[in-house]
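First up is the structure itself, then whatever we jot down about it.
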Amino acid sequence: MTTPTPSDAGSGEVVAAPFAAPAVVPISPWGYGRPPLADRFFRRLSEGAGLLVVAVIAGVGGFLLWHALPALSRNRENFLTYRGNWVTSDPSALRFGIVEQLHVTVFVSVFALVLAMPVALGVAIYLTQYAPRGLAAPLSYSVELLAAVPSIIYGVWGLHVLAPQLRPVAAWLNAHLGRVFLFSTGNASVAGGGTIFTAGIVLAVMILPIIIAVTREVFAQTPQDEIEAALALGATRWEVVKTTVMPFGRSGFISAAMLGLGQALGETVALLIILRGTQADFSWSLFDGGSTFATKIAAAAPEFDNQYKAGAYLAAGLVLFLLTFVVNALARTAVAGSRAGRTRS
């Protein structure tokens, strides 16, 4: 484009005027230009909240480690392999280990998860795909109300109401499947009712609400056009669930299960009430007793009269703290693998 300039207007010559170069604006996370003050303030606030969570977690871990080190340094047994009775009253002859508590914690939590996952999956599928609209909401609220029941109520109900009802079932399993390691026991713990079998069922009921709630929300986000396309191709309702809903919500269901497992690992009061009903040692049977990390600490907490005794139990708490990190890492790996598989498909 050429335009005549004022100096050349009389000569009749036309001189090309250069275009002005556009101003270079630095790129920010929000686009071009400096972000608004509200956006910058919200970003700093979000970063501070994230750092605060990390600092709290690091502080808890540091506190446990700091108070556990004196007891660990005086322990006369291997902390990771000793499974005898704990001796913490004499600071000069401490004997304690966490192998039995680790086995009981993992065993009862996994048993509860195995019971809860199929039930939670079925309830979530029914609420999102089969239940009438007017019935789905009340049922969802009813399931979520299970989370409002205090754990001490679950413990008392499990030991004094559920255990007597389960006693014939436990006795039959022990009599007919006694040769299988999960159902064999060489003691009279079945008669008491305060066993891992009872504790696992109660724990399964306790973790159901969180698994159902998360899974239901994920299944409800399934794209409606995919569901309608499957139905238009002649798929039945179950085929829609199997080919569309479940693949879409698989990662959410795994995440919900891991959240339930995390809750089960740290459950204290209910398991303390139930498992104290028997003194049978743990021997990889559902009809044995034992102590989890949480119940072991809670039962001895009133007797923390010196730093070494308290440190021994805080060392067990540190292992539970690390165990939750391992579970979360495995959960993230499983969810990432599930999402990658869905993307490839």
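Any chance you could count how many residues in the range 87-99 are open to solvent by 40 Å² or more (accessible area, probe 1.4 Å) and closer than 16 Å to Leu318 by Cβ?
Of the residues in that region, 0 qualify.
Of everything in the range 219-244 that's in contact with a Ser or Thr (Cβ under 8 Å, 6 or more places away or on another chain), among the β-branched types (Val, Ile, Thr) and in a helix (DSSP H, G or I), which residue is farthest from Ala124 (Cα to Cα)?
Ile227
Do the conditions hold for Phe282, that is, is it of a type in the set (A, V, I, L, M, F, W, C) and within 18 Å of the chain's Cα centre (by Cα)? Steps first, answer last, please.
Details: of a type in the set (A, V, I, L, M, F, W, C): yes; within 18 Å of the chain's Cα centre (by Cα): no.
Answer is no for this residue.
Return the total of residues in the range 80-110 being without any contact (Cβ under 8 Å) to a residue 40 or more places away in the chain, of a type in the set (Val, Ile, Thr) and in contact with a Gly (Cβ under 7 Å, 6 or more places away or on another chain).
Here the count works out to 1.
Where the second residue is open to solvent by 40 Å² or more (accessible area, probe 1.4 Å) and polar (S, T, N, Q) and the first is within 12 Å of Leu203 (Cα to Cα) and lies in the range 248-272, which pairs have Cβ atoms under 8 Å and are six or more apart or on separate chains?
Gly262/Thr324; Gly262/Asn328; Leu265/Thr324; Gly266/Thr324
Residue check, Tyr130 against (1) surrounded by 15 or more Cβ atoms within 10 Å (Cβ to Cβ); (2) among the hydroxyl-bearing types (Ser, Thr, Tyr); (3) more than 14 Å from Ala204 (Cα to Cα); (4) at pLDDT 85 or above, all met but one. Which one?
So the condition that Tyr130 fails would be (1).
Are any of the residues in the range 65-76 of a type in the set (Ser, Thr, Tyr) and buried (at least 16 other Cβ atoms within 10 Å of the Cβ)?
No, the range 65-76 has no match at all.
On the given criteria, is Glu77 of a type in the set (Asp, Glu) and touching a residue at least 40 places away in the same chain (Cβ under 8 Å)? Even if it seems obvious, please write down each step before you answer.
Working: of a type in the set (Asp, Glu): yes; touching a residue at least 40 places away in the same chain (Cβ under 8 Å): no.
The answer is no for Glu77.
Among the numbered criteria (1) of a type in the set (Ser, Thr, Tyr); (2) surrounded by fewer than 18 Cβ atoms within 10 Å (Cβ to Cβ); (3) modelled with pLDDT of 90 or more, which one does Ser142 miss?
(3)
The values are calculated or read from the model by the stated rules, or taken from the named source; none is laboratory data. Source: prediction; values computed, not measured. When we count neighbours, we look across all protein chains shown, and the Cβ atoms used for this are built from the backbone with ideal geometry, even at glycine. Note: accessible area is taken over every heavy atom of the protein model, side chains too, but ligands, DNA and RNA are not part of it. Shrake-Rupley method; radii C 1.70, N 1.55, O 1.52, S 1.80 Å.
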